[in-house]
Each structure stands twice: as structure tokens, then as C-alpha cells.
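A short worksheet on the structure shown next.
The values are calculated or read from the model by the stated rules, or taken from the named source; none is laboratory data. Please read these numbers as outputs of a predicted model, since none were measured by experiment. Cβ placement follows ideal geometry from the backbone for every residue including glycine, while neighbour counts extend to all protein chains displayed. Accessible surface is based on the protein model in full, side chains and every heavy atom, while ligands, DNA and RNA are left aside. Shrake-Rupley method; radii C 1.70, N 1.55, O 1.52, S 1.80 Å.
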Amino acid sequence: MTRFVLRRIVQTIPTLIGISIAAFLLVRLTGDPAALMLPPEATQEAIDAFNEKFGLDQSLPVQYWKFMSAVLTGDLGTSIRFNIPVWDLFVERMPATVELAAASMSIALLVGLPAGIIAGLKNRSWMDAVIRFFAFLGQAVPGFYLGLMLIVIFAVQLRWLPTGGRGTWQQLILPAITLAAYLIALLVRFTRGAVLDTKRQLHITTARSKGLSSWLILRSHILKNSMIPIITIIGLQVGAVLSGTVVTEVVFNWPGIGRMMVDAIYTRDFPVVQAMVMIVAVIFIVVNLIVDIAYSFFDPRIRRD
Amino acid sequence: MAQHQTEPQASTGRPGRRWPIPALLSAVVLVGVVVMAIWPHSWLPNDPIQIEPALRFLPPAFMEGGDPQYWLGTDVLGRDIFSQMIAGARASLVIVVSAALLSLVIGVAAGLVAGHFGGRTDSIIMRLVDVQLAFPVLVLIIAVVAVFGPSIPNLILVLALASWATYARLVRGLVLSLKEQEFIDAAWASGASHGAVLIRHYLPNVATSIVIFTTFELARLLLVEAALSFLGLGVQPPTPSWGRMISEARNYLFEAWWASALPGLLIVATVLAFNLLGDEFRDRLDPHRERG
């Protein structure tokens, strides 16, 4: 187990290096990083200081080395627009995004799991057909479109909920549902598949022939064996959730890191864009790593290879 | 060619099985979208980019106050929504199909080479695949488009570079499973070169899986392209675009909900059609899959 965990951690190192190179080149490839990374009214002294800090007259490997030294000592750059370190901006905005992601993941579990189990247990019934129809729809509707239509219905027409912003629980409902829709659809399809697979296995037939009640079979055999793949699927969707928060936060004016990144692009605040790419990628990798390790903990077969 | 007779038939499918209605409808929708994409702009009922401030926010003709000349209404700048919806198919389809083909070519080539040659080549390619798959795609694409600008060639390139890795992984896995089969041995025995084995023997046997996967991939790329347009990082004005229509109308949901609601239906229908057709291809062509 320890060896597996160590090996998986070592395996993420090339990925992390790849990401840092991508983020580094992204800004260098445009030709003039100082013009991109400093405010347009920057003085010649500021430009010279920047060029010297990252050695822009030196070779790319040397520049990369300086860039990485800065990153590893916690210097992710300074926002042009707000003139404060990007890391501080990130810390300020992160709770909003975590709140949104947690709310939508909870909704996805509360709706997606039962719906998937029902569809799997009663497959080929009308309930199965209805649930699968909505799952199909949920995967085909763009998040921003669903969000806007929810606003049209619940904020504009019915006037039940606010159109956006953050602060009250009413403001959390629509963005959380918007972000959850894709996850629910995915969860339904996987849960249904996992339940169907388990249902076909021999020990279920045995349990049935022993005369166990359907509920007992469901709880102690089917669900227990379906949980591992389902948990993995949820964990692996962190990337989709991170991407989803970008559009959802824009639609609902939600002050999280997704909107911060889009705002940074509109205002050409490139130090923020560069740092956010790295931070988001690292979050994504760390979560994937945790999912992998948890998975191998539940299913020892994974650890061989 | 005699040596092909011993190869497993990739696409015998299930003869005689009728096409279910959802799949037929999907095919109709996709043919419709292709017709919309090639439909000349001069044949549209109204010029899709003509701005008429006096006509802004006309409701659809079936609602009170509508004008039959603009039968799905007009947007914030008084442009005809119906004409824009038809004209908007072109940019989306060009970007999504080109990006899918480009990522297919890169990914399939990488997967064939990695699976066939193995060893060092394999580990280098698969490491690249891992790095690629470790990125949250939308975040990567947004950053690249923000730095390099949202032209159509840039969009195609960045979508393809963000998508090739799944093809590579799929094809490599298939090649590894074919490697020990007799017809590959036979090809080697008959003196075939590496290139000939890859293209004449492996490629035809992975083609079915590639077609199925590409159908789902087109749906996914369309959603990403729409999200980019919505964020203002997709096709730029005045070229009509579904995602941008929705985005431009989003600040006027109180005045004109139809201006964002109607173009979205086209996106949903197209994505749904690709997904349903993909499911049908998979059930029909993949002999190993049990139907659930």
C-alpha cells in the first residue's frame, strides 16, 4: 500500500512540471511578457525591474528556473488590476467557489444516486425511461443555458428567487442546481449501470434463492458493491466541476475564482490568468491523486500492476 | 487481398435490427444542421448581421406584437433571430468538425505508434497523454484563447490539442489487445513493413471504435465551443454564433427571454442528436456490449 501511494505521488511530478512549463510558455510565447504582465502605464524602471527579475534577456531555461523559484517560494505574481498578490485574491475568492461546488455535489448525490438506483432496479420500466430521458437531457444542456433558463422561470416569471449574487441561501439555489445538472445526469447513468452489473452477478442470484427480501439484497449486496465505482466517478468529475464553476459563476454573478479568472481575461490581467491556471490544475491533480489512493484502498486489485 | 480474409470483421453488427425512432430523429436533426451550415446567407429571410435599432426586441410572430417577417423575433440590436440561428450553425460546425478531425488524426497516430512500438516510445507518449488529461480542459482553453486571441483557426487548434489524448489512449489500448492475434502475425510473416501493418491491419480494426467515440466527441466539443462563445472567447462578431446570441441576450431576460431561449434549443437538439446517434452506433457496431 505504501509503495503504491509513493509511486502514485512520484507519478504526478512530471504532470506538475508539464503544467508549470505550459503556464510559463503561455505568457512567453506572445513575445513581450513585460507588456502582458505589467500595467500599460508602467514606468521604464518597472519594466526594467520586471525584465531583470525574470531575466528576460537570458535563455528560456534560465527564465523558467527563475519563474519556478518564484512560484515555489509562494510568489505567484501580482494582479495588475488590484495591485495585490494573486495568492491573496485567490484566498479571498476560494470560499465562494468551494461553497458552490459543495452545494451542487450534495444536490447531485441526493438526486442522482436514488434516481440511478431506481432506474437500475426497475430497468425497462416507465420510471427507468423517464429517468434516463432526463439524464440524457442533462448531459446535452449547456450549463450557461440551463442557468439562464432557470433565471427566466424562477426569477423573471415566478419571482421566487434572486437572479444572482451571493450572501443569502436563496441566492445559492439556482447556481447550485445549474452546476449539479450535469453531475446528476452522469451519476444516474453510472449508478444505473453499476446496479445493473451487480444485479447480474451470481451472489445476488444466490441471495435471492435464499429468500432474502429485495430491500435487504439491495442494501447489503447491490449498493455495497456498486459504491466503489460510483465514488470514483464523482471524484474524477472534479475537473468538470471546476470548468463548470467558470460559466455558472459568470451567469449568476457569483464572486468565486471562476468569475475572477474570466474577469482577469477581460481586463487583460495576465498574472492572475497564469497563476489561476496553475492553481486550478494543481487542485485537480491533488484531488485525482486522493481519489486514486482511496480507490486502491477499497479495491486491493488496483494496487498490483 | 487474401490476407484480409482471416481478419475479424469489425462491423458486421446486428443485421435486420431496425433503427429506433430516437436515432432516426437524431439523423434528421443532424442533416438539418448541416443544411443550415451550408445555406447561403443571401437566401435567408433577413440579413443575419443587419442591425435595425428601431426593431429591437420584436417578439416571435406567434406572440402578441410579433411581425411575420421576423417570425422568431429580433434581438437587442434588432437582428433577425431566425436568420441568425441558421447562419450560426456554420461557425459551430466548422470549428467542431475540424477540431474533432484534427484531434482524431493526432490522437490515432500517437495511439497506433505507442501501442505498436511499445517500450520508450510508448512511455513518452503516454506520459504526454497523462499530462494532457490532468488539465481541466475548459480552464486550459480559456487561458490559451485569452493569450492568443479567438480566431477560428486558433479555436480549432486549441480544441484539438485539448482533445487528442483520449483518442491516443483508446487506440493504444485497442492495438495492445490486437497485438497477439494471428492475422497480425500473418502480416509480419508475409513481410509487411511497420507502416503497412499499422495502416492496413491495425487501423481498419480500430476504425469502428473511433467512429463511435467521435460521435460523442462532437457533442462534447459543441458544448465547449458554445461555452467559449458564451464567455466571449469564441467566434467574434459579426460572424453569427449560437453561444454568443445567448450571451448577448442574457442581460435582457426581462425584456426578451426568447432572444436567449431559442438559440439554446438548437444547441441542446444538436448535442442530444450526436449523443443518441453515438449510443445507437455503439449498440449496433460493438458486438461485445450487452444492452442494458
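Structure notes:
- Residues that are part of a loop (DSSP other than H, G, I, E, B), at the interface with chain B (Cβ under 7 Å from one of its Cβ atoms) and at pLDDT below 90 within segment A:121-144 comprise just one, A:Asn123.
- B:Ala114 vs. criteria of a type in the set (A, V, I, L, M) and touching a Leu at 6+ places or on another chain (Cβ under 7 Å): no
- B:Arg120 being within 20 Å of the chain's Cα centre (by Cα) and farther than 18 Å from B:Gly234 by Cβ: no
- The listed residues are A:Arg81, A:Arg132, and the only one of them that is under 26 Å from A:Arg219 (Cα atoms), touching a helix residue (DSSP H, G or I) at 6+ places or on another chain (Cβ under 8 Å) and of a type in the set (Lys, Arg) turns out to be A:Arg132.
- B:Thr214, sole failed condition from (1) at pLDDT 90 or above; (2) outside any helix (DSSP H, G or I): (2)
- Considering the conditions (1) away from chain A (no Cβ under 14 Å); (2) under 30 Å from A:Met278 (Cβ atoms); (3) of a type in the set (Asp, Glu), B:Glu225 is excluded by exactly one of them, (1).
- Any hit, segment B:282-289, residues being more than 22 Å from the chain's Cα centre (by Cα), within 12 Å of chain A (Cβ to nearest Cβ) and without any contact (Cβ under 8 Å) to a residue 40 or more places away in the chain: yes
- Leading residue by the ranking (modelled with the lowest pLDDT) among those in segment B:271-292 that are touching a Gly at 6+ places or on another chain (Cβ under 7 Å) and over 11 Å from B:Ala23 (Cβ atoms): B:Gly292
- Only one of the listed residues (A:Ile84, A:Ile17, A:Ile9) is β-branched (Val, Ile, Thr), exposed (fewer than 15 other Cβ atoms within 10 Å of the Cβ) and closer than 26 Å to B:Val158 by Cα. That residue is A:Ile17.
- Segment B:45-75: number of residues that are crowded, with 17+ Cβ neighbours inside 10 Å, closer than 30 Å to B:Leu159 by Cα and not acidic (Asp, Glu): 1
- Within segment B:171-180, the set of residues being surrounded by fewer than 16 Cβ atoms within 10 Å (Cβ to Cβ) and either assigned to a helix (DSSP H, G or I) or without any contact (Cβ under 8 Å) to a residue 60 or more places away in the chain (or both) comprises B:Gly173, B:Leu176, B:Ser177, B:Glu180.
- Criterion (open to solvent by less than 50 Å² (accessible area, probe 1.4 Å) and within 23 Å of A:Ala264 (Cα to Cα)) met by exactly one of A:Ala35, A:Ala22: A:Ala22
- Qualifying residue in segment B:138-146 (condition: within 30 Å of B:Glu180 (Cβ to Cβ) and either surrounded by fewer than 19 Cβ atoms within 10 Å (Cβ to Cβ) or within 14 Å of chain A (Cβ to nearest Cβ) (or both)): no
- Helices (runs of 4 or more DSSP H) enclosed by segment A:1-120 - at least 3 residues per element that are out of contact with any Leu (no Cβ under 6 Å at 6 or more places or on another chain) and within 14 Å of another protein chain (Cβ to nearest Cβ): A:2-28, A:33-37
- The residues listed here are B:Gly195, B:Gly191; of these, the one that is free of Cβ contacts under 8 Å to residues at least 12 places away in the same chain, part of a helix (DSSP H, G or I) and not hydroxyl-bearing (Ser, Thr, Tyr) is B:Gly195.
- Residue within segment B:257-277 that is more than 14 Å from chain A (Cβ to nearest Cβ) and over 28 Å from B:Val144 (Cα atoms) present: no
- Subset tally (residues that are under 18 Å from B:Ser177 (Cα atoms), open to solvent by 10 Å² or more (accessible area, probe 1.4 Å), out of contact with any Phe, Trp or Tyr (no Cβ under 8 Å at 6 or more places or on another chain) and of a type in the set (A, V, I, L, M)) for segment B:190-238: 4
- When A:Gln274 is tested against the conditions (1) farther than 27 Å from A:Gly147 by Cβ; (2) at pLDDT below 80, the lone failure is (2).
- Enumerated helices (runs of 4 or more DSSP H) restricted to segment A:212-280, each holding at least 2 residues that are within 11 Å of chain B (Cβ to nearest Cβ), closer than 19 Å to B:Leu138 by Cβ and not aromatic (Phe, Trp, Tyr): A:238-251, A:257-266
- Checked against the criterion of being farther than 20 Å from B:Ala143 by Cβ and of a type in the set (S, T, N, Q), segment A:7-20 contains one or more residues that satisfy it.
- Residues being open to solvent by 50 Å² or more (accessible area, probe 1.4 Å) and at pLDDT below 90 - total across segment A:163-185: 8
- Here B:Ser163, B:Ser123 are screened, and the one residue that is open to solvent by less than 50 Å² (accessible area, probe 1.4 Å) and either within 14 Å of another protein chain (Cβ to nearest Cβ) or closer than 26 Å to A:Leu36 by Cα (or both) is B:Ser163.
- Segment B:136-156 residues that are outside any helix (DSSP H, G or I), paired with ones that are surrounded by 21 or more Cβ atoms within 10 Å (Cβ to Cβ) and among the aliphatic types (A, V, I, L, M) (beta carbon under 7 Å, 6 or more apart): B:Pro136/A:Leu242; B:Pro136/A:Val280; B:Pro136/A:Ala281; B:Pro150/B:Leu233
- Residues considered: A:Phe50, A:Phe4. Of these, the only one that is open to solvent by less than 70 Å² (accessible area, probe 1.4 Å), hydrophobic (A, V, I, L, M, F, W, C) and under 31 Å from the mean Cα position of the chain (by Cα) is A:Phe4.
- B:Arg220 fulfils the conditions (1) touching a helix residue (DSSP H, G or I) at 6+ places or on another chain (Cβ under 8 Å); (2) of a type outside the set (A, V, I, L, M, F, W, C); (3) within 14 Å of another protein chain (Cβ to nearest Cβ); (4) farther than 30 Å from B:Asn46 by Cβ except for a single criterion, (1).
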